[in-house]
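Here is the structure we will look at, set down as structure tokens.
The values are calculated or read from the model by the stated rules, or taken from the named source; none is laboratory data. Predicted, not measured: the structure shown is a model, and the values here were computed from it. We place every Cβ from the backbone using ideal geometry, glycine too, and count neighbours over all the protein chains shown.
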Amino acid sequence: MANKFYITTPIYYVNDIPHIGHSYTTIAADALARFNRRLLGENQVWFLTGTDEHGQKIQRASDEAKLTPQEFVDKVMVKFKELWVKLDISYNDFIRTTEERHIKVVQKALEILYKSGDIYEDTYEGWYCTPCETFWPETQLVDHFCPDCHRPVERISEKNFFLKLGKYQQDLIKYIEEHKNFIRPDFRRNEVLSFLRLNKLEDLCISRPKERLSWGIPLTFSPGHVTYVWFDALINYMSAVGSFDEKNNYISKWWDNETEVVHLIGKDILRHHAVYWPIMLMALQQAGVKGVKLPDTIFAHGWWLNKDEKMSKSRGNVISPLFMADKFGVETYRYFLLRDLPFGLDGNFSEEAFIKRFNSDLANDLGNLVYRTLTMVEKYFQGVVPEFSSSGERVKEIAAKLAALPKEVENSLKAESDFNFVRALENIWEKINLANKYVEETKPWNLAKENKTEELKNFIRLLVEAIRKTGAEIAPFMPRTAGTINEELGSGTIKKGKPLFPRIEDQKPKK
């Protein structure tokens, strides 16, 4: 096991305001960062997010808004930072591709690869998709439309710079075959391998002429060109945590063999991360750059859908994370996203499912357990948590299951387990439900009536321990709830508050 953990989200494109997909990736990354901070230590974990601020779509959006590109990105970028504050995202760094630290690393990487011969100039004539900012060979078009966004492409001929992808194709296939956790889940790994085995990689165009696109990072070796958005964007994972020294070696605390490097992404950008990015890194290694390695895991999660359709502004079916967080609470929103959908798959988002999960898991199970346990501590022991005096077999059995919980959660949140948030939360809720069942089995009101004080002490103490231990495991997913539980339990004397999650009654979901 690595002793450091570096986790990233994609840098989000700022041509529009953040949506549920942005929040899904970022909440998942936040939960993993929080979990690993507890496991490894605060100073051993680095969590990066940020914004992608160059490209043709930005230039067009800024023109429409009658702003300069810099004014436009400065304005939209704030929306992402405000949402992350709202959702309790504990990132360590926020990288912007318009920052000088990023520009310098991108330009140096380009220079190194140009001098090594892996970047070269040539004339390109082919089909270009402006929304995706991608050139496509004719063989990959679908009825003369972009295979990704299904919008029209245009024929373009111009001089540009290219990265030799084909040179590293077999090396990449071999690497993926030998490193089972490099691309997760397995079916995404197989998808990438199938693509690489069945297609000859075309070299990647990594520049645009300034006359067609001025909003980008200039190439130092060709002043008439700027960097293509994907070469620019992918470098952020390195530019945020390191830099090149005078010998062109890469120096970073968070990009070494002692660090587990994890990229969380949506499935729509898998090819860029699982093909372009590792080849860029292989090319830097081939050029003799020391300190460069491939990430340990690229995890492509699925999409939240609305009635089986991908959410988009054009369809008018986008669900706002701010709306959901304001209406139902940040903690509920975080819990639902991680609990209701297996991380690698697609699923439907609905208020009906949201309310059902809220009432069942949060109000009935967790909220009820905390509130009634603390009420019993007040009623039977004047708010002071009793000590164990003895224990029976049932107490020992439940205590053993509680002791095993941290390891169960840890095993679920490993790369080889596909960062299985659903299983981790199921394990926690299994113990919560076990404690609730224990109340019904034991019937503490009868113990009190029969003056079975020792049995009642053991019962109450075990419930408090169940809440304390499940509350600690909830912390990466629902940090505010965990904090409230810890505060209410106190260090011996409880401080009971209101029910954590009052049921939602008679509320019809918004159509």
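Is there a residue in segment 340-357 that is closer than 26 Å to residue 259 by Cβ and in a loop (DSSP other than H, G, I, E, B)? Yes - at least one qualifying residue is present in segment 340-357. Looking at the structure I just gave you, is residue 106 in contact (Cβ under 8 Å) with a residue 12 or more places away in the chain and assigned to a helix (DSSP H, G or I)? Yes; evaluated as a whole, the condition is true for this residue. Of the residues examined, residue 335 is not one that is within 28 Å of residue 79 (Cβ to Cβ), at pLDDT 95 or above and assigned by TED's automatic domain parsing to the domain that holds residue 105. Mind checking whether some residue in segment 392-406 is of a type outside the set (A, V, I, L, M, F, W, C), assigned to a helix (DSSP H, G or I) and either in contact with a strand residue (DSSP E or B) (Cβ under 9 Å, 6 or more places away or on another chain) or modelled with pLDDT of 95 or more (or both)? The answer is yes; a qualifying residue exists. Within segment 292-304, the set of residues being surrounded by 17 or more Cβ atoms within 10 Å (Cβ to Cβ) and either closer than 26 Å to residue 79 by Cα or more than 20 Å from the chain's Cα centre (by Cα) (or both) comprises 292, 299, 300, 301, 302, 303, 304. Selection of segment 19-46 for residues being over 24 Å from residue 267 (Cα atoms) and out of contact with any helix residue (DSSP H, G or I) (no Cβ under 8 Å at 6 or more places or on another chain) yields 38, 40, 41, 42, 43. In this structure, residue 480 does satisfy being in contact (Cβ under 8 Å) with a residue 12 or more places away in the chain, basic (Lys, Arg) and surrounded by fewer than 19 Cβ atoms within 10 Å (Cβ to Cβ). Look at (1) within 30 Å of residue 184 (Cα to Cα); (2) surrounded by fewer than 15 Cβ atoms within 10 Å (Cβ to Cβ); (3) of a type in the set (Lys, Arg) and you find that residue 379 fails only one, number (1). I'm told residue 41 meets every condition in (1) in contact (Cβ under 8 Å) with a residue 60 or more places away in the chain; (2) more than 26 Å from residue 103 (Cβ to Cβ) except one. Can you identify the failing condition by its number? If we test residue 41 against (1) in contact (Cβ under 8 Å) with a residue 60 or more places away in the chain; (2) more than 26 Å from residue 103 (Cβ to Cβ), just (1) comes out false. Of all the residues in segment 66-83, those that are in contact (Cβ under 8 Å) with a residue 24 or more places away in the chain and under 24 Å from the mean Cα position of the chain (by Cα) number 6.
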